[in-house]
Amino acid sequence: METALRKSYDIVIVGAGPGGIFAVLEFLNSTEDLKILIVDKGKDISERQCPMKNSEASCTACPSCSLLSGWGGAGAFSDGKLSLSPDVGGHLTKYIDREEVKRLIDYVDGIYIKYGAPEHIYGEDIEEIEKLKRITSKNDLLLVHSRIRHIGTDRCRDVLQNIREFINNKVDLLFGTKVMRLDIEKGKLRGVVLTGGRRVKAKYVIVAPGREGSSWFEREAKRLKLTLLNNPVDIGLRVEVPASVLEPLTSVTYEPKLIYYSKRFDDKVRTFCVNPHGEVVKEYLKGIWTVNGHSYANKKTENTNFALLVSTYFTEPFHEPISYGRYIARLANFLAKGVLVQRLGDLRRGRRSTEERIKKGIVEPTLKDATPGDLSFALPYRYLTDILEMLEALDKVCPGVNSRHTLLYGIEVKFYSMQPKLTNELETEIENLFAVGDGAGVSRGLIQASASGVIAARAILRRL
Ligand SMILES: Cc1cc2nc3c(=O)[nH]c(=O)nc-3n(C[C@H](O)[C@H](O)[C@H](O)COP(=O)(O)OP(=O)(O)OC[C@H]3O[C@@H](n4cnc5c(N)ncnc54)[C@H](O)[C@@H]3O)c2cc1C
């Protein structure tokens with residue numbers, strides 16, 4: 001439905017993911033008198049449906065991907081694991097005091113509960129956590145403890161729907177429309193330019209484009225000559241094992257965050273997005289397939305999956321981490337016409353996996369249309385070495401992780417790398433233009449993306 005747009009707004013928000021949504025909630029918490037417009041290139045929550053969901057069709061490369069775009073952003077079909085620690089899921093402590101980040105996390109968490117997140121929290125048994133820490137540290141692994149609230153992919157939609165109903169009619173919502181440009185004249189913010197060249201004026205703009213919109217935002221930031229800070233690129237694989245193998249960790253802390261520094265390269269390797277009894281899924285990012293994972297609150301598989309990501313800073317003068325990550329993922333796509341899967345045993349023996357070899361394995365892939373192949377053709381030596389080392393270390397904590405039957409899917413890449421220079425209110429170098437969430441390199445998860453929206457909204461409220 002076409003929203004009748006005003007000519008000018010107090011605030012325009014680009015992106016209806018958690019960053020954008022929590023900014024709006026914060027404004028509405030304070031006053032309903034502001035003229036606010038949220039623009040998202042995706043669809044409203046009730047219309048978000050991936051064409052692949054109910055058919056065997058392969059990706060039709062929709063102009064905006066329903067899995068990542070629209071009301072709820074990438075959060076709508078996410079696993080909904082809320083990491084309740086300032087050390088996990090973002091860099092907010094870079095901008096504001098750690099204690100303040102903790103308070104914000106509690107505040108945002110409370111809002112998730114208000115709209116339907118479950119009360120239960122994982123990872124509160126400190127004695128067991130300490131025991132685990134002793135075992136991991138003996139094996140070169142650092143366990144970062146975070147309490148987790150697990151909403152689950154199925155319930156995420158309900159929570160977002162509830163928020164959507166609350167916001168209904170209080171602000172203008174424009175779906176299926178892309179913000180093409182940030183409208184800046186002689187260094188002053190004027191508003192935004194939408195698809196078709198339509199101009200909308202705004203006193204304040206909050207850009208919350210997520211990973212999906214990070215390339216667009218990077219182009220805009222370069223056009224506007226904003227200072228961009230160098231960031232690492234996170235590239236790796238998704239690992240799938242029988243759920244029982246990872247249970248020593250997942251039974252104590254739902255989402256074990258482990259960090260390992262490789263002996264060969266001294267690179268940081270970390271576990272990311274652990275999905276007990278979950279599914280490996282494909283993610284389509286503008287022309288390339290990458291891997292991800294999720295788990296349902298009410299539907300369990302026999303397997304647990306998690307990513308092993310390697311963070312590296314590149315040598316000067318290289319400044320294109322996003323292009324580099326896309327290139328590596330594309331290599332795997334070339335070989336597999338999509339996502340590659342390989343048994344760890346085959347990788348170690350230097351041979352490809354085949355349908356037959358995968359069938360012989362004791363781990364049944366939850367991602368059915370991954371192509372068996374050879375990841376060593378796609379992933380550079382440095383990444384492979386780092387990941388194989390970490391699997392060995394992890395095997396000492398959870399015997400069986402380093403088994404020849406373990407499945408590896410590639411490539412998993414995280415494109416949240418572009419980071420414009422921001423103040424502690426998350427304002428860019430252009431006055432009244434704020435940038436929040438994953439697309440601004442501020443966060444890497446739901447809670448910190450949401451909290452960053454609150455920070456920007458509060459800064460604007462103070463000025464209003
Ligand atoms: C499969 C999957 C599982 C995940 N699981 C978890 C998890 O368990 N726990 C966790 O903490 N995090 C998880 N995440 C990450 C989490 O979803 C993100 O951190 C979070 O959604 C980021 O919020 P955001 O608001 O910054 O951006 P997003 O949620 O990505 O939203 C950005 C929105 O901006 C819109 N947009 C972009 N550019 C434009 C433009 N130019 N014009 C108009 N609209 C635009 C997009 O369409 C999108 O809707 C998962 C992500 C995925 C993909």
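The values are calculated or read from the model by the stated rules, or taken from the named source; none is laboratory data. Just so you know, these numbers come straight off a predicted model, no measurement behind them. Note that we place each Cβ from the backbone using ideal geometry, even for glycine, and neighbour counts take in every protein chain shown.
Condition (residue is within 19 Å of VAL108 (Cα to Cα) and at pLDDT 95 or above) applied to the range 179-197: is it met by at least one residue?
no
Suppose we filter ASP140, ASP172 for residues that are acidic (Asp, Glu), more than 9 Å from the ligand (Cβ to nearest atom) and more than 18 Å from GLY17 (Cβ to Cβ); which single one remains?
The unique qualifying residue is ASP140.
Here's the yes/no breakdown for (1) touching a helix residue (DSSP H, G or I) at 6+ places or on another chain (Cβ under 7 Å); (2) not β-branched (Val, Ile, Thr):
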residue	(1), (2)
CYS62	no, yes
ASP79	yes, yes
GLY90	yes, yes
ILE105	yes, no
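Got a sec? Which helices (runs of 4 or more DSSP H) wholly within the range 86-142 have at least 1 residues that are more than 20 Å from the chain's Cα centre (by Cα) and surrounded by 14 or more Cβ atoms within 10 Å (Cβ to Cβ)?
It comes to 98-114, 126-138.
Which is more than 15 Å from the ligand (Cβ to nearest atom), more than 22 Å from GLY287 (Cα to Cα) and within 25 Å of the chain's Cα centre (by Cα), of ILE430, ILE447, ILE460, ILE387?
ILE387
For the range 70-99, which residues satisfy the criterion of being small (Gly, Ala, Ser) and over 19 Å from LEU25 (Cα atoms)?
SER78, SER83, SER85, GLY89, GLY90 - these are the residues of the range 70-99 that are small (Gly, Ala, Ser) and over 19 Å from LEU25 (Cα atoms).
Would you mind telling me which numbered condition in (1) surrounded by fewer than 21 Cβ atoms within 10 Å (Cβ to Cβ); (2) assigned by TED's automatic domain parsing to the domain that holds GLU392; (3) of a type in the set (Phe, Trp, Tyr) TRP216 fails?
(2)
Residues checked against (1) more than 15 Å from the ligand (Cβ to nearest atom); (2) modelled with pLDDT under 95:
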| residue | (1), (2) |
| --- | --- |
| GLY75 | no, yes |
| SER78 | no, yes |
| LYS81 | no, yes |
| SER85 | no, yes |
| ILE105 | no, no |
| ILE113 | yes, no |
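Take ILE455 and tell me if it is more than 9 Å from the ligand (Cβ to nearest atom), more than 25 Å from ALA329 (Cα to Cα) and not assigned by TED's automatic domain parsing to the domain that holds LEU391.
Taking the combined requirement at face value, the residue satisfies it.
How about the range 405-427: which of its residues are under 12 Å from the mean Cα position of the chain (by Cα) and either of a type in the set (Val, Ile, Thr) or part of a helix (DSSP H, G or I) (or both)?
Hit for the range 405-427 is VAL413, nothing else.
Residues that are more than 22 Å from GLU389 (Cβ to Cβ), in a loop (DSSP other than H, G, I, E, B) and touching a helix residue (DSSP H, G or I) at 6+ places or on another chain (Cβ under 6 Å): does the range 313-327 have at least one?
no
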